1. In nm, what is the difference between 0.36 nm times the number of residues separating His119 and Tyr233 and their Cα-Cα distance?
2. Separation between the Lys185 and Asp280 pseudo-spin-labels, each 7 Å from Cα along Cα→Cβ, expressed in nm?
3. Exceeding 21 Å between C-alpha atoms, which entries from my cross-link table qualify? They are Lys105/Lys147; Lys147/Lys188; Lys210/Lys272; Lys79/Lys105; Lys156/Lys293.
4. Once the whole set of protein chains is in place, how much accessible area is left on Thr232, using a 1.4 Å probe, in Å² to the nearest 10?
5. Only Lys, Arg, Asp and Glu count, each charged at its Cβ (+1, +1, -1, -1), so figure out the dipole size of the range 153-232 about its Cα centre, rounded to 20 debye.
6. Tell me which trypsin sites (Lys or Arg not before Pro) from the range 55-114 have a DSSP coil assignment and no more than 10 other beta carbons within 10 Å of their own.
7. Under the 0.36 nm per residue contour assumption, what length would be gained going from the current alpha-carbon distance of Trp140 and Asn66 to full extension?
8. Give the accessible area for Val266 in Å² (nearest 10); use a 1.4 Å probe, count only protein heavy atoms, and leave out ligands, DNA and RNA.
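The values are calculated or read from the model by the stated rules, or taken from the named source; none is laboratory data. A quick note: this is a predicted structure, and the numbers were derived from the prediction, not measured. Glycine also receives a Cβ, built like all others from the backbone with ideal geometry; neighbour counts cover every protein chain displayed. Just so you know, the surface numbers come from the protein's heavy atoms only, side chains and all, with ligands and any DNA or RNA stripped out. Shrake-Rupley method; radii C 1.70, N 1.55, O 1.52, S 1.80 Å.
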Amino acid sequence: IFGTVGLTGYLSLHNGQKAVNEIAGQLRNEVTARIGQHLDDYMTTPKKVVQSNWDTISLNLLDIENTEKVGHYLWRQLKAFQVPYILYGYNSGKLASAGYNYEGKTITLDEVNPERNGHAHLYNWGIDAQGKRTKILKDWGEYPMKKEGWYAEAVKHGKAVWSPVYNWEVPPYALSIATSRPVFKNGKLHGVIAVEQRLSQISDFLRHLKVSRAGKTFVIERSGLLIATSDTYEPFVLKNGKPIRVKAIESQSPLIRATAQHLTSVFGDFHKIQNNQQMDFNLEGKRQFIQVKPWKDSLGLDWLMVVAVPESDFMGQINANHGHLILIIGED
């Protein structure tokens, strides 16, 4: 009886572990696929808005020289597409834009107009329910528009591009990225149309994505800098009042940090991860299942999606059953 029950327990545990490996693989594939689909959808929207606005301007369907009319048009686009911020920066130094302010709740129309004001101050205008200007809410002073990534990158490359990832300089220091495209008139640069997308929404998605009890998901750039994470920690920290982005290997989350460190030890460089990879490693003597998969888009974004799940999240019931068998042996 002792031998039979013991063998049964061993086979139960062995088969259970095999089943765990299979289920863990399936789970990681499913979660990674869902993250990829979300990135596809979320990061495609700003590109569509840029294309739509570029078409409108190129076909002369908008009085582009009237910044007030341009701002109102961008407000309508903002409401229609549900994006955070849309901008048109003129080569002459003017700016017309519409977007949610730094609190993320109120829409303002923003303008720089040196021709009218005699300086390049950025003004936030309050609006009524119809999107018409009411009063100036804030004067931000001189705005170095042409040094901003969304403007400079489009001018540099002469085509649709993504800006580098950046933080807002005011609370809540939103981690953001912008896609933009230059507009030419008679062969000369007239301006740049851009749409900003805030990356905190990706973290929100990851936090609501059910993985396992203690599993974590995160997205990183090839540099190792965090884009988004399912943990409660932000992908940046404040130092001397300035937001500083965090690398995954420096994350405050032990599992995210250890996973990134393991990937670094295996590949040496995140740039070397060119296809879907499933593997495992030990963290404090406990096995962790991980998966890393590249995600790219048509304009050159090149990120890595990572899923990490502790084996213990699957093994609880199997270990409980095994322990029950051992008790039976002891009683016999």
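1. Contour length minus Cα-Cα distance gives 37.0 nm.
2. The two pseudo-label positions are separated by 6.4 nm.
3. Working: Lys105/Lys147 27 Å; Lys147/Lys188 19 Å; Lys210/Lys272 29 Å; Lys79/Lys105 13 Å; Lys156/Lys293 30 Å.
Table pairs above 21 Å Cα-Cα are Lys105/Lys147; Lys210/Lys272; Lys156/Lys293.
4. 110 Å²
5. On the way: 11 positive and 6 negative charges, 60 e Å.
With Lys and Arg at +1 and Asp and Glu at -1, about 280 debye.
6. Numbers: sites: Lys69, Arg76, Lys79, Lys94, Lys105; in loops: Lys94, Lys105.
In loop regions of the range 55-114 (DSSP not H, G, I, E or B), the sparsely surrounded trypsin sites (Lys or Arg not before Pro) are Lys105.
7. Stretched out fully, the Trp140 to Asn66 stretch lengthens by 24.5 nm.
8. 80 Å²
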